[in-house]
Amino acid sequence: MNLEKLEKNLKDKPAFQLRQAKETVFKNLIGDWLDATNLPRDLRQKLNQECPLKIDAEIFVSDDKNTVKALITLSDGLKIETVLMRYEGGPPHSREARPKGGRNTVCVSSQVGCPLGCLFCATGRMGFKRNLGTEEIIEQVLFFARYLKKENECISNVVFMGMGEPFLNYDNVIKAARIINNQKEGFGIGSRHVSISTIGITGGIEKLSEDPLQINLAISLHAANNELRSKIVPANKKYSIEKIMASVKKYLAKTGRKVMFEYIMIKGLNDSPNHAKELATLVKKLDKKLYMVNLISYNRTGIFDASAQETIKKFKDILRKEGIEVTQRYKFGQDIKAACGQLAGK
Ligand code: SAH
Ligand code: SF4
């Protein structure tokens with residue numbers, strides 16, 4: 001759904017019509033302009049031609065029904081993936097909570113593929129096709145908002161953790177985040193329920209710290225020394241750990257918002273007690289209240305193996321003993337290749 005085209009088509013009409021049109025798209029979640037009964041019929045027909053609402057997607061549901069993956073075909077035929085994760089429990093959300101007090105988190109893509117080629121990531125290994133437009137990012141959220149509406153549920157959280165590096169497509173990602181957040185002319189999802197994960201593009205971290213939009217930041221660290229990190233994250237040669245930490249420090253000073261460090265646990269590579277201590281020493285240079293570590297079980301993408309649960313537990317205990325807040329990411333949708341790092345547009 002192209003908002004610019006919508007605005008263009010309605011620019012000679014009274015302003016309230018554009019507002020009504022956006023409301024029907026983001027609040028009533030219509031999939032066809034003909035259902036926008038608050039707009040004149042001829043306008044609805046025109047809009048169906050000029051900015052169609054249909055989203056071309058194929059759906060895959062995991063055996064436990066908690067993960068739904070949508071494979072969306074874009075107008076140029078390229079494909080992207082977006083994932084819905086349904087948490088049964090979890091903290092209730094202020095306004096869009098699932099009836100059982102759980103969460104519905106949508107994980108959106110920001111690029112078709114990714115140019116950064118991290119060794120553990122299926123998206124990185126497929127190479128880079130192009131950046132997504134704002135409307136293509138919004139479409140992913142719209143798709144699941146409509147999907148959930150049929151079950152009388154809503155999206156509670158959006159994370160930019162799908163295909164691609166969001167900060168290499170900064171402007172479109174932030175524009176999309178504003179629409180996700182906008183109460184009147186968007187989805188109205190609170191900014192603290194929107195997160196961006198970056199491999200550590202320092203320019204993006206610094207720009208976000210200046211932005212009035214108060215969304216969350218997550219840093220994909222995965223190793224606490226440059227030698228090891230460069231082996232699995234080629235971008236580390238440009239964005240070293242020191243540079244990332246310097247940007248994070250500025251971000252924290254500016255925003256006072258907690259940052260999450262993501263750390264994929266890969267067997268025999270970055271999961272020893274010494275690696276845990278090294279990680280602790282690194283993050284403890286920051287204000288304790290302003291960061292946390294999220295341990296991620298490695299999802300198989302071809303090379304490497306996942307650390308044993310026992311190893312992860314030991315790693316976690318070492319961090320906890322150092323007084324560091326640690327969480328472990330729940331595994332979603334491996335059976336439909338929808339888990340972190342497995343998205344490859346297939
Ligand atoms: N490019 C951004 C956002 C997309 S990746 C980034 O790298 O942060 C989203 C998350 O999935 C990141 O935390 C990433 O490190 C993780 N991830 C990638 N490959 C993975 C794999 N094979 N197993 C588990 N997590 C993976
Ligand atoms: Fe790109 Fe993130 Fe995958 Fe690395 S982990 S290749 S930055 S999507």
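Could you check how many residues of the range 179-205 are free of Cβ contacts under 8 Å to residues at least 60 places away in the same chain, open to solvent by 30 Å² or more (accessible area, probe 1.4 Å) and under 25 Å from Ile264 (Cβ atoms)?
So the answer is 2.
Going by the conditions given, is Lys331 touching a Pro at 6+ places or on another chain (Cβ under 9 Å) and surrounded by fewer than 17 Cβ atoms within 10 Å (Cβ to Cβ)? Talk me through it step by step, then tell me what you get.
Details: touching a Pro at 6+ places or on another chain (Cβ under 9 Å): no; surrounded by fewer than 17 Cβ atoms within 10 Å (Cβ to Cβ): yes.
Answer is no for this residue.
Can you tell me which residue in the range 218-232 is nearest to ligand 1 (Cβ to nearest atom), limited to those that are touching a Lys or Arg at 6+ places or on another chain (Cβ under 7 Å) and open to solvent by less than 10 Å² (accessible area, probe 1.4 Å)?
Looking only at the range 218-232, we keep the residues that are touching a Lys or Arg at 6+ places or on another chain (Cβ under 7 Å), and these are 222-223, 230.
Going one step further and asking which of them are open to solvent by less than 10 Å² (accessible area, probe 1.4 Å), we end up with 222-223.
Numbers: His222: 6, Ala223: 11 Å.
Result: His222.
Just to check your reading of the model, which residue among Leu282, Leu319, Leu295, Leu269 is assigned to a helix (DSSP H, G or I), crowded, with 19+ Cβ neighbours inside 10 Å and among the hydrophobic types (A, V, I, L, M, F, W, C)?
Within the list Leu282, Leu319, Leu295, Leu269, the selection yields Leu319.
Working only within the range 183-209, note down all residues that are within 16 Å of ligand 2 (Cβ to nearest atom) and β-branched (Val, Ile, Thr).
Scanning the range 183-209 gives Ile196, Thr198, Ile199, Ile201, Thr202, Ile205.
If you take the residues of the range 98-136 that are more than 16 Å from ligand 2 (Cβ to nearest atom) and open to solvent by 40 Å² or more (accessible area, probe 1.4 Å), which of them is modelled with the lowest pLDDT?
Within the range 98-136, the match that is modelled with the lowest pLDDT is Pro99.
Is the range 162-169 home to any residue that is among the hydrophobic types (A, V, I, L, M, F, W, C) and either away from ligand 2 (no atom under 16 Å from the Cβ) or open to solvent by 20 Å² or more (accessible area, probe 1.4 Å) (or both)?
In the first step, residues of the range 162-169 are kept if they are among the hydrophobic types (A, V, I, L, M, F, W, C); the result is 163, 167-168.
Imposing the further condition that a residue be either away from ligand 2 (no atom under 16 Å from the Cβ) or open to solvent by 20 Å² or more (accessible area, probe 1.4 Å) (or both) reduces the set to 168.
Looking through the range 162-169, at least one residue is among the hydrophobic types (A, V, I, L, M, F, W, C) and either away from ligand 2 (no atom under 16 Å from the Cβ) or open to solvent by 20 Å² or more (accessible area, probe 1.4 Å) (or both).
The values are calculated or read from the model by the stated rules, or taken from the named source; none is laboratory data. Remember, it's a predicted structure, so these values are computed and weren't measured experimentally. Glycine also receives a Cβ, built like all others from the backbone with ideal geometry; neighbour counts cover every protein chain displayed. What goes into the accessible areas is simple: the full protein's heavy atoms, side chains included, and nothing from ligands, DNA or RNA. Shrake-Rupley method; radii C 1.70, N 1.55, O 1.52, S 1.80 Å.
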